[in-house]
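The values are calculated or read from the model by the stated rules, or taken from the named source; none is laboratory data. Owing to the predicted nature of the structure, the values given are computational and were not obtained by experimental measurement. Glycine gets a Cβ as well: all are built from the backbone with ideal geometry, and neighbour counts include every protein chain shown. Heads up: the accessible areas ignore ligands, DNA and RNA and are worked out on the full protein's heavy atoms, side chains in. Shrake-Rupley method; radii C 1.70, N 1.55, O 1.52, S 1.80 Å.
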Amino acid sequence: MALLRKAAALLSAAAAALIAIPPTASAAPTPHPSLFRENFDRLPPGPVTEGHGWTTDTSNGTLTVSRSATGHGRELRIRTEGNGRAFLVIPDLPLPGNSVWARMRLRVAEFPTAPDWAHWTLAEASGSDSPTLVRPLGGQYAPTDKGNFWGVGSDLGPTGDWTSWKTSAPAEAGKWQCVEFHLDATDNRVTVYLDGVEQSDLTVSTKDHGGTADDFVFPTFDKLKLGWQLYQADPSPSSYDVRLDDIALSTRRVGGCAR
């Protein structure tokens, strides 16, 4: 009987403790870190001008949903002529803390080999409160080093037009890569990862960047463009083919790129 009375007392105390817990304490929602995802699998094959939460921006360029070269799912094919552009545009993008992690898989068939210093962009972030364009993913053809190299860049802001490319990050044509970048507003920092590996040489921040002596400062981001643009006329080759897939934006690192 003593054991039964003790067990009953324990059950009564546990029930009282449960009643004392406010009903909303364990039901409070946890903010979901995902801000945007697109793998193109739900879109029909063919030319595309918009999708769920995105539009397009083109000039001498097209975007087409194609069957994946691996035979599984679909991917986005971007094709431009000359110094054209073709972007998937994510507008009205609210970013908590003005910061974001991005991940995507991409393949560039060929990079430019002319003219000298040909400059290309694969990602561009902007905001309506500032003319500054932040280009977390792009690069340049450097004739002095006979190759194309990844680089972070910017334009139209107080630091001018620059691309901080590094020979430690060669751009490889014809190869699928998993690419990540982090826009961190705490120090106006851009960090790039290739196949899960941080490319520390490419990192830029408020005081350490490739422009003038002015501070590099983010706009209040509200738009992100992903695709391809080449800025110089009469490039070689004369057209460009880029494939994109598995795009994800998040308040945390998405991952999935480790070799």
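Observations on the structure shown:
- Cβ separations smaller than 7 Å between residues 6+ apart or across chains give the following pairs from region 194-208 residues that are within 9 Å of Ser164 (Cβ to Cβ) to residues that are open to solvent by 30 Å² or more (accessible area, probe 1.4 Å) and part of a loop (DSSP other than H, G, I, E, B): Val204/Gly210.
- The single condition among (1) touching a Phe, Trp or Tyr at 6+ places or on another chain (Cβ under 7 Å); (2) of a type outside the set (Lys, Arg); (3) over 19 Å from Val65 (Cα atoms) that Gly255 does not satisfy is (1).
- Considering region 170-191, the residues that are at negative phi and not in a strand (DSSP E or B) include one that is surrounded by the most Cβ atoms within 10 Å (Cβ to Cβ), namely Ala171.
To keep it simple, each residue is scored yes or no on (1) basic (Lys, Arg); (2) touching a Phe, Trp or Tyr at 6+ places or on another chain (Cβ under 9 Å); (3) under 18 Å from Phe221 (Cα atoms).
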{"position": "Pro44", "(1), (2), (3)": "no, no, no"}
{"position": "Ile90", "(1), (2), (3)": "no, yes, yes"}
{"position": "Thr113", "(1), (2), (3)": "no, yes, no"}
{"position": "Ser126", "(1), (2), (3)": "no, yes, yes"}
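- Pairing each residue of region 76-96 that is of a type in the set (Lys, Arg) with any residue that is modelled with pLDDT of 95 or more and surrounded by 19 or more Cβ atoms within 10 Å (Cβ to Cβ), provided the two are 6+ apart or on different chains, yields C-beta distances under 6 Å for Arg85/Gly61; Arg85/Gln229.
- Region 192-215, residues that are aliphatic (A, V, I, L, M), farther than 21 Å from Glu75 by Cα and either open to solvent by 30 Å² or more (accessible area, probe 1.4 Å) or within 14 Å of the chain's Cα centre (by Cα) (or both): Val192, Val197, Ala213
- Per the conditions (1) within 27 Å of Pro96 (Cβ to Cβ); (2) touching a Lys or Arg at 6+ places or on another chain (Cβ under 7 Å); (3) of a type in the set (Lys, Arg), the sole criterion not satisfied by Arg189 is (2).
So that you can scan it fast, the table gives a plain yes or no per residue for (1) within 16 Å of the chain's Cα centre (by Cα); (2) under 30 Å from Ala233 (Cβ atoms):
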{"site": "Leu63", "(1), (2)": "no, yes"}
{"site": "Gly73", "(1), (2)": "no, no"}
{"site": "Glu81", "(1), (2)": "no, yes"}
{"site": "Leu88", "(1), (2)": "yes, yes"}
{"site": "Asp92", "(1), (2)": "yes, no"}
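- Residue match in region 146-169 (condition: touching a strand residue (DSSP E or B) at 6+ places or on another chain (Cβ under 9 Å), part of a loop (DSSP other than H, G, I, E, B) and either at pLDDT below 95 or open to solvent by 50 Å² or more (accessible area, probe 1.4 Å) (or both)): yes
- In region 1-100, counting only strands (runs of 3 or more DSSP E) that sit wholly within it, the ones holding 2 or more residues that are open to solvent by less than 20 Å² (accessible area, probe 1.4 Å) and at pLDDT 95 or above span 55-67, 74-90.
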